[in-house]
Amino acid sequence: MTLDERKKLILESIIRDYVETAEPVGSRAVVKKHSLKISAATVRNEMSDLEEMGYLEQPHTSAGRIPSQKGFRYYVDCMMEKESLDEKETEFLFRLLDDSFQELNELIQKIGHFLAQITNYTSFVIIPSANLSKFKYLQLIPIEEGKALVLLVTDLGVVMHRQIEVPGSIKAPELDLIGRVLNQVLAGKKLAEIQRSDLQELREELKQRRQVIDHALEAIESLLASSNEERVMISGTLNIMNEPEFKDVDKLRKILAFLEEESLLKNLLPDAVGDNIDIRIGEENQSQAIRELSLVFSGYQTQGEKGRMGLMGPIRMEYWKAAGSLDSVREIIEEIIRKRF
């Protein structure tokens with residue numbers, strides 16, 4: 001249903017005030033704060049109409065109104081104008097990145113921290129699987145006697161690692177030698193194309209160091225298997241605890257348990273996410289655990305695959321700021337990935 005301009009103005013005023021205060025909004029407050037050129041009585045009548053239409057709710061008798069989920073949905077779909085990053089925020093983001101990162105993982109982590117910091121919501125960034133990545137190099141790093149780290153880096157800067165056991169007699173120079181042989185055999189191959197036969201060839205070539213090689217290759221096989229999986233980076237989880245809606249310990253516990261399970265968040269979002277901002281409000285979310293949260297998310301393009309990124313917050317969310325921030329960050333991250341990776 002289309003609202004007339006006065007109803008739209010009143011609905012937006014109530015949404016803005018409720019987002020700011022988390023308190024029901026009364027007619028006098030609307031007139032005073034937004035300098036409306038109509039009486040409080042007229043605003044009350046309009047608020048009553050909006051309530052009957054399902055866009056507002058009155059949580060307590062004789063109290064003000066709050067936006068319903070239907071009201072937020074109408075605002076997002078029909079009225080909202082996104083607020084992009086301002087100049088200071090953009091400068092802050094570029095200072096944060098300042099070319100100090102070497103890997104895609106690190107870039108993604110910084111982007112997630114930035115989104116959580118400027119919006120005060122919980123951010124999530126899903127890194128796509130590394131199937132289309134190529135093997136760049138591998139390193140065997142001694143940790144302590146009897147233990148070493150297998151570090152595998154792809155051409156997109158994705159870093160994967162596994163700890164392995166090695167004989168105490170094996171020292172750093174010999175680990176370097178083994179690493180060089182591994183690099184010669186695997187160099188330039190796409191991760192999805194590395195076959196068990198390639199790894200077997202290495203075993204034959206390095207018979208004299210069979211124990212180390214077996215452990216290293218088991219680690220590589222495990223890393224290659226895990227490269228098929230998307231990874232999730234979550235920042236700003238504690239921001240949820242600062243929202244008055246979640247002072248209830250049971251509500252908070254459900255949300256935190258949900259965030260602990262990466263697969264739940266990945267499965268909640270559609271696989272095919274475009275560049276447009278998608279917003280799911282409260283009950284629109286499939287998982288019961290987050291029916292009192294809203295998600296604002298979008299896709300971002302890496303080399304060959306699509307990642308997903310977004311923000312999670314209360315239904316009483318600054319959708320205009322969340323959507324605009326994601327739009328701005330998506331453009332910046334895609335530009336950096338094109339130039340650096």
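Points worth noting:
- Of the helices (runs of 4 or more DSSP H) that lie entirely inside segment 147-234, those containing 2 or more residues that are open to solvent by less than 20 Å² (accessible area, probe 1.4 Å) and at pLDDT below 75 span 196-205, 210-226.
- Sole exception among (1) open to solvent by less than 90 Å² (accessible area, probe 1.4 Å); (2) assigned to a loop (DSSP other than H, G, I, E, B) for residue 81, by number: (1)
- Flag for residue 23 being under 14 Å from residue 317 (Cα atoms) and in a loop (DSSP other than H, G, I, E, B): yes
- Matching residues in segment 41-75 - criterion: being of a type outside the set (D, E, K, R) and within 11 Å of residue 14 (Cβ to Cβ): 43, 47, 50, 55, 56, 64, 66, 67, 68, 71, 72, 75
- Residue match in segment 92-113 (condition: touching a helix residue (DSSP H, G or I) at 6+ places or on another chain (Cβ under 7 Å) and surrounded by fewer than 16 Cβ atoms within 10 Å (Cβ to Cβ)): yes
- Identity of the residue in segment 137-146, free of Cβ contacts under 8 Å to residues at least 24 places away in the same chain and not in a loop (DSSP other than H, G, I, E, B), that ends up surrounded by the most Cβ atoms within 10 Å (Cβ to Cβ): 143
- Filter result for residue 308 (of a type in the set (Lys, Arg) and more than 15 Å from residue 126 (Cβ to Cβ)): no
- Residues that are crowded, with 18+ Cβ neighbours inside 10 Å and in contact (Cβ under 8 Å) with a residue 60 or more places away in the chain, drawn from segment 13-54: 15, 18, 19
The values are calculated or read from the model by the stated rules, or taken from the named source; none is laboratory data. In this text the structure is predicted, and so the values were computed from the model without any measurement. Every residue, glycine among them, receives a Cβ derived from its backbone with ideal geometry; neighbour counts consider all protein chains shown. The area values use the complete protein model at the heavy-atom level, side chains included, leaving out ligands, DNA and RNA. Shrake-Rupley method; radii C 1.70, N 1.55, O 1.52, S 1.80 Å.
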